[in-house]
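Chemist: Below are the structure tokens for one structure; questions will follow.
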Amino acid sequence: MSDSMEILVARQYFEELQGVANGLCHDRIDQVACVLVKAYELERMIYTFGNGGSASLASHLACDLGKGTAYCNGGKRLRVLALTDNLPTLTAWANDSGYEDTFSEQLRNFVQPQDVAFAISGSGNSKNVLNALQIARDVGATTVGLSGFQGGEMKSLCDICVVVPSNNMQIIEDLHLAIAHSIFRIVYSRLSRRTLAATSPG
């Protein structure tokens, strides 16, 4: 549906939301969760990033993954950092180099092979997101993403891209949050099972 469609009553919005949710690829969401669990096992870093509402979700997801799993598996921590959270560094790169470099230049300082670059973009075409994904690919990191519409340019730069099949940005952002929460719950449950297995007698 077009994002110019009028919403005059709440039922319209939630019927559209439910219809799009029914079209999500659950297998791809599961694959993203598996990538994060593997990063945990290998003690690799996960970097999250996006713009606007996607920036908020990048921070939210990093908080869920970092704090929410802190007491799983004997206290071994999942290593995750939101590139949206260092405002001085972000604005310095935007001012001195260009907004398209805000995430890629941060990644250049840290990203290593087998790390995970987790991109979030409703359109899939944000230049700073695309540049960061390319830097991650160049060093051999795994690239995953959440997008909308048809996936945009981001889709071809991601090893796994979960696309919300909608042209309505609010619907896309709603479902990105739900997808992020589902990924967190999967990761949390898998790490918790490891804790139970390690503490079980015999």
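Chemist: Restricting to the stretch 55-81, give me the number of residues that are small (Gly, Ala, Ser), touching a residue at least 24 places away in the same chain (Cβ under 8 Å) and within 16 Å of Ile183 (Cα to Cα).
Modeler: 3
Chemist: While we're on this one: Kindly indicate the residue of the stretch 1-15 that is assigned to a helix (DSSP H, G or I) and not acidic (Asp, Glu) and also surrounded by the most Cβ atoms within 10 Å (Cβ to Cβ) among those meeting that condition.
Modeler: First pass over the stretch 1-15, keeping only residues assigned to a helix (DSSP H, G or I): 10-15.
Remaining after also requiring not acidic (Asp, Glu): 10-14.
Working: Ala10: 8, Arg11: 9, Gln12: 13, Tyr13: 16, Phe14: 12.
The qualifying residue surrounded by the most Cβ atoms within 10 Å (Cβ to Cβ) is Tyr13.
Chemist: Exactly one condition in (1) over 30 Å from Thr89 (Cβ atoms); (2) buried (at least 20 other Cβ atoms within 10 Å of the Cβ) is not met by Ile46; state its number.
Modeler: Here Ile46 meets the rest and fails (1).
Chemist: Next question, about the same structure. Please work out which residue is surrounded by the fewest Cβ atoms within 10 Å (Cβ to Cβ), limiting yourself to the stretch 16-40 and to residues that are in contact with a Leu (Cβ under 8 Å, 6 or more places away or on another chain) and more than 20 Å from Met169 (Cα to Cα).
Modeler: Narrowing the stretch 16-40 to residues in contact with a Leu (Cβ under 8 Å, 6 or more places away or on another chain): 17, 20-21, 24, 36-37, 39-40.
Applying the additional criterion that residues be more than 20 Å from Met169 (Cα to Cα) yields 36-37, 39-40.
Values: Leu36: 26, Val37: 16, Ala39: 23, Tyr40: 24.
Taking the candidates together, the pick is Val37.
Chemist: Which members of the stretch 107-135 meet the condition of being aliphatic (A, V, I, L, M), over 14 Å from the mean Cα position of the chain (by Cα) and buried (at least 21 other Cβ atoms within 10 Å of the Cβ)?
Modeler: Residues of the stretch 107-135 aliphatic (A, V, I, L, M): 107, 111, 116-117, 119-120, 129-130, 132-133, 135.
Adding the requirement that they be over 14 Å from the mean Cα position of the chain (by Cα) leaves 107, 111, 135.
Leu107, Val111 - these are the residues of the stretch 107-135 that are aliphatic (A, V, I, L, M), over 14 Å from the mean Cα position of the chain (by Cα) and buried (at least 21 other Cβ atoms within 10 Å of the Cβ).
Chemist: So Ser156 fits all but one of (1) touching a helix residue (DSSP H, G or I) at 6+ places or on another chain (Cβ under 7 Å); (2) among the hydroxyl-bearing types (Ser, Thr, Tyr); (3) within 26 Å of Val187 (Cα to Cα); what number is the exception?
Modeler: (1)
Chemist: Please tell me if Val144 is in contact with a Phe, Trp or Tyr (Cβ under 8 Å, 6 or more places away or on another chain), more than 18 Å from Ala82 (Cβ to Cβ), modelled with pLDDT of 95 or more and outside any loop (DSSP other than H, G, I, E, B).
Modeler: On the way: in contact with a Phe, Trp or Tyr (Cβ under 8 Å, 6 or more places away or on another chain): yes; more than 18 Å from Ala82 (Cβ to Cβ): no; modelled with pLDDT of 95 or more: yes; outside any loop (DSSP other than H, G, I, E, B): yes.
Here the answer is no, as Val144 does not meet what is asked.
Chemist: May I pose another question? Within the set of pairs 6+ apart or on separate chains, which have a first residue in the stretch 17-42 that is aromatic (Phe, Trp, Tyr), a second that is in a helix (DSSP H, G or I) and loosely packed, with under 14 Cβ neighbours inside 10 Å, and C-beta atoms under 6 Å apart?
Modeler: none
Chemist: Right, here's the next one. Any residue at all in the stretch 31-46 that is in a loop (DSSP other than H, G, I, E, B) and at negative phi?
Modeler: Taking the stretch 31-46 first, the residues in a loop (DSSP other than H, G, I, E, B) are 42-44.
Remaining after also requiring at negative phi: 42, 44.
For the stretch 31-46, residues in a loop (DSSP other than H, G, I, E, B) and at negative phi: present.
Chemist: Pull up the stretch 73-89, narrow it to residues that are within 16 Å of Leu42 (Cβ to Cβ) and of a type outside the set (A, V, I, L, M), then point me to the one that is surrounded by the most Cβ atoms within 10 Å (Cβ to Cβ).
Modeler: The qualifying residue surrounded by the most Cβ atoms within 10 Å (Cβ to Cβ) is Asn73.
Chemist: Scan the stretch 86-134 residue by residue and report those that are over 18 Å from Leu57 (Cα atoms), aromatic (Phe, Trp, Tyr) and in contact (Cβ under 8 Å) with a residue 40 or more places away in the chain.
Modeler: Phe110
Chemist: Sticking with this structure for a sec: Would you point out the residue of the stretch 52-76, among those that are over 27 Å from Ser123 (Cα atoms), at pLDDT 90 or above and in a loop (DSSP other than H, G, I, E, B), that is nearest to the chain's Cα centre (by Cα)?
Modeler: Thr69
The values are calculated or read from the model by the stated rules, or taken from the named source; none is laboratory data. Everything numeric in this text was worked out from a predicted model, so none of it was measured. Please note: Cβ atoms are built from the backbone with ideal geometry, for glycine as well, and neighbour counts cover all protein chains shown.
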